[in-house]
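Q: Attaching a single structure in structure tokens format; questions to follow.
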Amino acid sequence: MTQLNRFAALLLLLAAAPALAVDTPGLVQEKPAKGPFVKTAHGYMVPYESRLPGSEVVFKMMPIPGGKFRLGSPASEAGRKDDEGPQFEVQVEPFWMSATEITWAEYKQFMSLHDIFKKFDTRRERRVTDENRADAITAPSNLYDPSFTFQSGSDPQQPALSMSQYAAKQYTKWLSLTGGIFYRLPTEAEWEHAARAGTKTAFSFGDDPAQLGDYAWFTKNADDKTHKVGQKKPNAWGLYDMHGNVSEWVLDGYEAKGYERFTDKSVAAADAVQWPTKLYPRVVRGGSFDDVAVGCRSAVRHKSNDDDWRAEDPNIPLSPWWFTSDYALGVGFRLLRPLEPPPRAEQEKFWRADLELVQEDVMYRIEQEGRGALGVVDPTLIDAIEELNR
């Protein structure tokens, strides 16, 4: 496909109108004879696999049905913390979610953009301008000491970890604008809805933590490290490692009062988001290899701490893309794709640095220190990289 045709395809897919094409990946018009599916007004959502742009790396997306559920945990749940309540009703729209956490095989494709953007810049090609800045992302700086990030190993099928929420959001923007399908991080409500898979129990399989080893890597069986994704049992909706292995970024900021402002309310998932207003804490979900069983429950909320998580970073300002320490070495993410994508003008709020402080740190690192890189991502990027490597 030529650069012009790729760009035209992207414009069609990301047009302001959210109407879905008949040939949308993961959507079929006839009811499947077997396998999981979700019936919608647009057709039947089914699992699908997709390749990362310009690579042979494949990721799988699973259809997640919409519906109402109660976010948080009841006061009677063993191990419950105050920030998991009060419970309230949330209406969730259907979406696809990646079957596993993002792996190193996937994330290293994104990491490679650092050197690629630098080469473009040296050759004065694909420069970021006022006209194309909306399609620009920052690629994370090269690791100055990989021994921090790869303490658990760097097997391609292990979950990628220690990236900031900002870096995870930039990954979803890169994937969206190069492939023409909108991806983002899940909200806290969407994540818990998917993790529960229709259950009301402490875990997706029930209340008995003695069964957790069948579904999760946690302190009892993980040997102080992450493991390859998809090795344990999935939940009822086909999602692996929603408990344990690595905790996962969601879009929400953390509030110590939990869901107090939603008491006795029934809201749409989009209205339940607690958009961050400060650098930290923000919410990570699901528990990690470093958590005990109660820390891997469906409703448990862990909170980020940039000061602690970057304690061993020798750079000033501290990296906006990488953490080096403590619990962050067990934090990753997975993708969400809504059935009906928002208009292009509204997509940026899911991808951008949401604080001026983060934006300033990012540009200082790039412009003053030469760490990290800025580049344009669109469907023409793949052809440009192929030309660059010839």
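Q: Determine if segment 265-274 includes at least one residue that is assigned to a loop (DSSP other than H, G, I, E, B) and farther than 19 Å from R334 by Cβ.
A: First pass over segment 265-274, keeping only residues assigned to a loop (DSSP other than H, G, I, E, B): 265, 273-274.
Those still in the list that are farther than 19 Å from R334 by Cβ too: 265, 274.
So far as segment 265-274 goes, yes, one or more of its residues are assigned to a loop (DSSP other than H, G, I, E, B) and farther than 19 Å from R334 by Cβ.
Q: Assess whether R352 counts as being in a loop (DSSP other than H, G, I, E, B), under 30 Å from H42 (Cβ atoms), open to solvent by less than 10 Å² (accessible area, probe 1.4 Å) and at pLDDT 95 or above. Outline the logic, then answer.
A: Details: in a loop (DSSP other than H, G, I, E, B): yes; under 30 Å from H42 (Cβ atoms): yes; open to solvent by less than 10 Å² (accessible area, probe 1.4 Å): no; at pLDDT 95 or above: yes.
For R352, the condition - in a loop (DSSP other than H, G, I, E, B), under 30 Å from H42 (Cβ atoms), open to solvent by less than 10 Å² (accessible area, probe 1.4 Å) and at pLDDT 95 or above - is not met.
Q: Follow-up. Tally time: how many residues in segment 292-309 are assigned to a loop (DSSP other than H, G, I, E, B) and within 20 Å of the chain's Cα centre (by Cα)? Give the derivation first.
A: Here is the first cut: in segment 292-309, the ones assigned to a loop (DSSP other than H, G, I, E, B) are 292, 297-300, 304-305.
Within this subset, residues satisfying the condition of being within 20 Å of the chain's Cα centre (by Cα) are 297-300, 304-305.
Residues that pass the stated criteria total 6.
Q: Quick one: which of T199, T172 is among the β-branched types (V, I, T), in a helix (DSSP H, G or I) and in contact (Cβ under 8 Å) with a residue 40 or more places away in the chain?
A: Numbers: T199 fails: in a helix (DSSP H, G or I).
Residue meeting the stated conditions: T172.
Listed here are the residues, each with its yes/no results for (1) in contact with a Lys or Arg (Cβ under 7 Å, 6 or more places away or on another chain); (2) crowded, with 19+ Cβ neighbours inside 10 Å; (3) in a strand (DSSP E or B); (4) of a type in the set (G, A, S).
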site: P36; (1), (2), (3), (4): no, no, no, no
site: Y44; (1), (2), (3), (4): yes, no, yes, no
site: F59; (1), (2), (3), (4): no, yes, yes, no
site: M62; (1), (2), (3), (4): no, yes, yes, no
site: P74; (1), (2), (3), (4): no, no, no, no
site: E77; (1), (2), (3), (4): no, yes, no, no
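Q: Of the conditions (1) surrounded by fewer than 24 Cβ atoms within 10 Å (Cβ to Cβ); (2) more than 27 Å from Y48 (Cβ to Cβ), N235 satisfies every one except a single condition; which number is it?
A: N235 satisfies all of (1) surrounded by fewer than 24 Cβ atoms within 10 Å (Cβ to Cβ); (2) more than 27 Å from Y48 (Cβ to Cβ) except (2).
Q: Filter segment 129-163 down to the residues that are within 15 Å of E248 (Cβ to Cβ) and either open to solvent by 10 Å² or more (accessible area, probe 1.4 Å) or over 19 Å from the mean Cα position of the chain (by Cα) (or both) and list them by number.
A: Of everything in segment 129-163, just one residue is within 15 Å of E248 (Cβ to Cβ) and either open to solvent by 10 Å² or more (accessible area, probe 1.4 Å) or over 19 Å from the mean Cα position of the chain (by Cα) (or both), namely Q158.
Q: If you don't mind, there's one more thing I want to ask. Within segment 310-336, which residues are open to solvent by less than 10 Å² (accessible area, probe 1.4 Å), at pLDDT 95 or above and either outside any loop (DSSP other than H, G, I, E, B) or out of contact with any helix residue (DSSP H, G or I) (no Cβ under 6 Å at 6 or more places or on another chain) (or both)?
A: Scanning segment 310-336 gives A328, G330, V331, G332, R334, L335, L336.
Q: Is at least one residue of segment 210-219 modelled with pLDDT of 95 or more and within 22 Å of L52 (Cα to Cα)? Please lay out each step first, then the result.
A: Within segment 210-219, the first condition is being modelled with pLDDT of 95 or more, and the residues that meet it are 210-219.
With within 22 Å of L52 (Cα to Cα) added as a condition, the list becomes none.
The answer is no; no qualifying residue exists.
The values are calculated or read from the model by the stated rules, or taken from the named source; none is laboratory data. Quick caveat, the model's predicted, so the values are computed rather than measured. Glycine also receives a Cβ, built like all others from the backbone with ideal geometry; neighbour counts cover every protein chain displayed. Keep in mind that these areas ignore ligands, DNA and RNA; they rest on the heavy atoms of the full protein, side chains included. Shrake-Rupley method; radii C 1.70, N 1.55, O 1.52, S 1.80 Å.
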